[in-house]
Amino acid sequence: MDRTLDHTRLRRVAMVIGLCAAAAASAVAQQQSGRPLSATQVGMSRIAPGDDVIVVVAREPDLSAAVIVDERNEIALPRLGLINLTAHSPTSLRDTIRARYSVFLRDPVINVTALRRVAVNGAVTRPDVYLVDVTMNLRDIIARAGGLTSEADGKKVSILRGDQEISVSDWDRSTSAMLSLRSGDQIMVGRKPWVLLNLGQVIGAIGIAASLIYTVTR
């Protein structure tokens with residue numbers, strides 16, 4: 001029984017460490033860019049249903065947790081129960097959790113990271129599902145997927161959300177659509193028309209056809 005509990009605890013800790021590594025990678029990328037958070041990014045940092053929230057309590061692995069925000073915008077944490085995250089950012093949530101854990105822990109050190117689960121498909125180098133920091137915009141996420149391929153049409157970028165498709169043709173210039181990104185969204189990058197991708201072959205075929213027509217009609 002004790003061994004089973006140990007394995008369960010190890011799996012939980014490994015999961016938290018793995019998600020924290022992903023969060024750290026996003027934070028490093030943000031710092032290396034040298035850009036302070038814009039007003040748009042501050043708005044994006046609000047935690048929303050479907051986001052992965054990682055709470056790490058220093059020296060307290062049993063209190064650390066990796067949870068998914070439910071449809072009521074709530075999470076459940078060890079010894080704290082349900083917490084409503086409406087209007088919470090990772091920073092404000094950290095302060096709230098620290099205050100609550102302070103009731104039975106002395107000077108708790110809390111780290112909170114929120115990650116958004118977004119799929120990137122189509123004409124990108126590495127299509128996949130990514131856990132990304134909530135402050136990352138559409139341009140950052142496409143870059144995370146390796147950027148556009150040579151076949152990509154930069155004007156054919158859209159966000160799929162259920163049955164809804166949101167066109168974001170100005171994704172590389174504007175931040176107007178960034179606030180709408182949610183966990184579960186799929187970013188689709190379309191390809192150039194077949195004719196443009198095979199222009200050399202098309203021109204060659206037209207040349208051959210024209211030559212044949214000229215030979216037959218001369």
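The values are calculated or read from the model by the stated rules, or taken from the named source; none is laboratory data. Predicted model only: the values in this text are computed from it and were never measured. All Cβ positions, even for glycine, are placed from backbone atoms using ideal geometry, and neighbour counts span all protein chains on display.
Yes/no per residue for (1) touching a helix residue (DSSP H, G or I) at 6+ places or on another chain (Cβ under 8 Å); (2) of a type in the set (D, E, K, R); (3) at pLDDT 90 or above:
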residue: ARG116; (1), (2), (3): no, yes, yes
residue: VAL120; (1), (2), (3): yes, no, yes
residue: TYR130; (1), (2), (3): yes, no, yes
residue: ASN137; (1), (2), (3): yes, no, no
residue: ALA145; (1), (2), (3): no, no, yes
residue: ALA152; (1), (2), (3): no, no, yes
residue: LYS155; (1), (2), (3): no, yes, yes
residue: SER158; (1), (2), (3): no, no, yes
residue: MET178; (1), (2), (3): yes, no, no
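Taking every residue in the stretch 106-121 that is farther than 16 Å from VAL132 by Cβ and pairing it with any residue that is aromatic (Phe, Trp, Tyr), at least 6 positions away or on another chain, the pairs with Cβ-Cβ distances below 6 Å are PRO108/TYR101. For the stretch 54-99, filtered to residues that are in a helix (DSSP H, G or I) and among the charged types (D, E, K, R), the residue that is farthest from ARG182 (Cα to Cα) is ARG98. With respect to the conditions (1) without any contact (Cβ under 8 Å) to a residue 40 or more places away in the chain; (2) under 19 Å from the mean Cα position of the chain (by Cα), LEU80 falls short on a single one, namely (2). Is it the case that some residue within the stretch 60-75 is touching a helix residue (DSSP H, G or I) at 6+ places or on another chain (Cβ under 9 Å), loosely packed, with under 13 Cβ neighbours inside 10 Å and more than 20 Å from VAL132 (Cβ to Cβ)? Yes, some residue in the stretch 60-75 is touching a helix residue (DSSP H, G or I) at 6+ places or on another chain (Cβ under 9 Å), loosely packed, with under 13 Cβ neighbours inside 10 Å and more than 20 Å from VAL132 (Cβ to Cβ).
In the stretch 100-119 there is at least one residue matching the filter, namely being on the phi < 0 side of the Ramachandran plot and assigned to a helix (DSSP H, G or I).
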